[in-house]
Amino acid sequence: MSHLSTEETAFLKDKAKQIRIDILKMITKANSGHTGGSLSIADLLTLLYFKEMHVDPANPHKADRDRLVLSKGHAAPAMYACLAEKGYFPKEELNHLRQAGHMLQGHPDMKHTPGVDMTTGSLGQGISAACGMALASKIDKADWRVYAVLGDGELEEGQVWEAAMYAAHYKLDHLTAFVDNNGLQIDGPITEVMSSLPIGDKFRAFGWHVIET
Ligand SMILES: Cc1ncc(C[n+]2csc(CCOP(=O)(O)OP(=O)(O)O)c2C)c(N)n1
Ligand SMILES: [Mg+2]
């Protein structure tokens, strides 16, 4: 990740605030949706979409774009707020979250929403798809990167560890995975439901370079 100047930090903080406002408005209007899991990635997605990723909202399928796979797909409102703010589609669409016949469904759908690189929602699957993309980029000797965003509860899915093993084996250096360690999943604290801790040690044991914040 690049270093942020004071001006960039102020800009991103402001954007993230707007993203949070949009998330709350969207979920309130829909009267349905994952508020906590969306808010807890607002800063991360803001940083990725507004600083880190090379993407072009006017050309969402550009071959050499960076990809973002929201493996914790239930946090779609955070992604939708960023995509609208970036200009992939009119902000008016945010008023129709989870409404039949509209593009912003409860979980990301790559066939209906510009800017969504992978359809997700079934926890554990997104990281595997991200591995496939990262392998493609590596084989093509391309520069584009893949960012995957996972939940800490999601790590309870065995498929995540199959993907983690795969990524290390194939040296997928075009892939960065983030784990949103918010300590919670639907049924309560992850430490009570089925602890995924210590997360860093587990990924290290699978051969990953880990940065913990
Ligand atoms: C395979 C699968 N099982 C169950 C669910 C239902 N579900 C949606 S969110 C969630 C909790 C996930 O917790 P975490 O990964 O920590 O995400 P957070 O809510 O903290 O963002 C569950 C169990 C799902 N989407 N996919
Ligand atoms: Mg969680």
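The values are calculated or read from the model by the stated rules, or taken from the named source; none is laboratory data. All values derive from a computational prediction rather than experimental measurement. Surface areas here come from the heavy atoms of the whole protein model, side chains and all, with no ligands, DNA or RNA. Shrake-Rupley method; radii C 1.70, N 1.55, O 1.52, S 1.80 Å.
Per residue, the chain exposes 51 Å² of accessible surface when a 1.4 Å probe is rolled over the protein heavy atoms with every protein chain present. Partner lysines whose Cα lies under 26 Å from the Cα of K91, excluding those fewer than 8 positions away in the same chain, are identified as K13, K15, K17, K25, K29, K51, K62, K72, K111. Antiparallel beta bridges, as assigned by DSSP with both residues in the chain, represent about 15 percent of the total such bridges. Taking only the C-alpha atoms of the range 11-84, Rg followed by Dmax gives 12.3, 37 Å.
The heavy atoms of H61 offer some 140 square angstrom of accessible surface to a 1.4 angstrom probe. When Rg and the Kirkwood Rh are both derived from Cα coordinates, the Rg/Rh ratio for the chain amounts to 0.95. For T191, the accessible surface of its heavy atoms amounts to roughly 90 Å² (probe 1.4 Å, protein chains only, rounded to the nearest 10). Determine the share of the range 6-205's accessible area contributed by carbon and sulfur atoms, expressed in whole percent, with a 1.4 angstrom probe. C and S atoms contribute 53 percent here.
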